[in-house]
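K.L.:
Quick one: the structure is below, questions incoming.
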Amino acid sequence: MKRFTLPHTEIEAPAVVLGLMRIADKSDEEIRTLVRTARDAGIDFLDHADVYGSELHQCERRFAEAMALSPTEREQVTIQTKAGIVPEGPYFDFSAEHIVSSAEASLRALGTDYLDILLLHRPDALVEPEEVASAFDQLVGSGKVRHVGVSNHTPRQIDLLKRYVTQPIVANQLQLSITHSTVIAQGVAANMQAEQQSATLDGGGIVDYCRLHDITVQAWSPFQAGFFNGVFLGSEDYPELNAVIDRLAAKYDVAPEGIATAWITRHPAQMQVVLGTTTPQRVTDSAAGADVVLTRAEWYELFRAAGWLVP
């Protein structure tokens with residue numbers, strides 16, 4: 001598994017992250033098998049959120065119940081969770097009170113004394129950055145949170161936070177796959193007036209912004225065709241793309257999931273791929289792709305086959 005030091009931290013991070021948003025109804029043994037399979041593949045970075053499950057903190061709690069990590073085992077993994085969504089609305093709440101109370105509830109649910117990383121979960125239109133700064137100061141100052149980040153934020157939204165937040169923003173979790181890659185595709189077709197692909201939809205080059213500020217992009221839904229409307233792997237809607245994926249999978253002796261992973265990890269932004277699967281074999285297959293280094297020609301061939309314009 002390809003690894004790197006997460007900028008602004010001491011964390012030696014794998015290129016692939018295990019997301020645990022779908023474990024609420026899994027048995028203890030199924031959860032242990034999933035995590036064990038990930039660990040065997042070199043994935044020791046685990047992604048949670050307070051809203052994962054049918055009730056608040058359910059998936060965090062199920063993880064803790066199933067794994068029952070000892071202090072030594074806890075030190076061997078990176079645990080990241082998120083706060084800010086109020087599902088009853090739904091709405092977002094980045095007040096200091098909500099962020100702190102959510103993080104503390106996550107600590108209790110996860111059965112740990114600290115979170116390695118706490119992310120703000122989607123932008124709050126009513127954000128008061130002073131409130132966020134106050135929450136982060138309380139949590140980091142007390143040792144309950146070691147590092148902070150965001151998800152689905154634009155460059156200007158991050159800049160607004162950074163005006164008040166003193167801790168480095170270490171990660172920005174963004175939806176990204178070969179087919180859902182506007183954050184990359186826009187730059188390829190920049191300044192082409194007649195092409196929709198040239199439209200800036202992310203507030204102005206979020207991938208380049210993250211590279212400039214050493215913020216790690218964490219790519220979620222790496223196999224989704226669009227916004228939760230099905231995967232592109234094996235889909236009859238993407239015959240050309242799947243033909244290329246299958247050919248490259250045979251060349252590199254990996255599963256199609258491995259090629260989908262490799263397309264993201266090939267990007268020099270040094271991104272992490274966040275898996276959402278609960279199928280152990282898919283975890284293994286995806287992780288293998290992190291060690292595949294696609295050529296530039298292969299990367300762009302996949303990009304074109306997904307329907308993106310390369311002028």
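K.L.:
Please work out which residue is nearest to His180 (Cα to Cα), limiting yourself to region 262-296 and to residues that are aliphatic (A, V, I, L, M) and more than 17 Å from the chain's Cα centre (by Cα). Working first, answer last.
P.N.:
The initial filter retains those residues of region 262-296 that are aliphatic (A, V, I, L, M), namely 262, 264, 269, 271, 273-275, 283, 287-288, 290, 292-294.
With the extra rule that they be more than 17 Å from the chain's Cα centre (by Cα), the set shrinks to 288, 292-294.
Working: Ala288: 22, Val292: 21, Val293: 21, Leu294: 19 Å.
Step by step, filter region 262-296, then rank; the result is Leu294.
K.L.:
Right, Ser142: in contact with a helix residue (DSSP H, G or I) (Cβ under 6 Å, 6 or more places away or on another chain) and farther than 27 Å from Leu275 by Cα or not?
P.N.:
no
K.L.:
Filter region 78-99 down to the residues that are within 19 Å of the chain's Cα centre (by Cα) and farther than 14 Å from Ser151 by Cβ, then identify the one that is surrounded by the fewest Cβ atoms within 10 Å (Cβ to Cβ).
P.N.:
Among residues in region 78-99 that are within 19 Å of the chain's Cα centre (by Cα) and farther than 14 Å from Ser151 by Cβ, the one surrounded by the fewest Cβ atoms within 10 Å (Cβ to Cβ) is Thr78.
Yes/no per residue for (1) modelled with pLDDT under 95; (2) not hydrophobic (A, V, I, L, M, F, W, C):
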{"residue": "Ile264", "(1), (2)": "no, no"}
{"residue": "Pro268", "(1), (2)": "no, yes"}
{"residue": "Asp285", "(1), (2)": "no, yes"}
{"residue": "Ala297", "(1), (2)": "no, no"}
{"residue": "Trp308", "(1), (2)": "yes, no"}
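K.L.:
Another question, then. One residue is enough: does region 121-134 have a residue meeting the conditions out of contact with any Lys or Arg (no Cβ under 6 Å at 6 or more places or on another chain), hydrophobic (A, V, I, L, M, F, W, C), surrounded by 20 or more Cβ atoms within 10 Å (Cβ to Cβ) and within 21 Å of Glu10 (Cα to Cα)?
P.N.:
No, that holds for no residue.
K.L.:
Additional query: State yes or no: is Ala288 in a helix (DSSP H, G or I), of a type in the set (A, V, I, L, M, F, W, C), surrounded by 14 or more Cβ atoms within 10 Å (Cβ to Cβ) and touching a Gly at 6+ places or on another chain (Cβ under 6 Å)? Break it down stepwise before answering.
P.N.:
Numbers: in a helix (DSSP H, G or I): yes; of a type in the set (A, V, I, L, M, F, W, C): yes; surrounded by 14 or more Cβ atoms within 10 Å (Cβ to Cβ): yes; touching a Gly at 6+ places or on another chain (Cβ under 6 Å): yes.
Here the answer is yes, as Ala288 does meet what is asked.
K.L.:
Identify, by number, the condition in (1) crowded, with 23+ Cβ neighbours inside 10 Å; (2) in a helix (DSSP H, G or I); (3) within 21 Å of the chain's Cα centre (by Cα) that Trp299 doesn't meet.
P.N.:
Only one criterion is unmet by Trp299, namely (1).
The values are calculated or read from the model by the stated rules, or taken from the named source; none is laboratory data. Keep in mind it's a predicted model, so treat the numbers as computed, not measured. Reconstructed Cβ throughout: ideal geometry from the backbone, glycine too, with neighbour counts over all protein chains shown.
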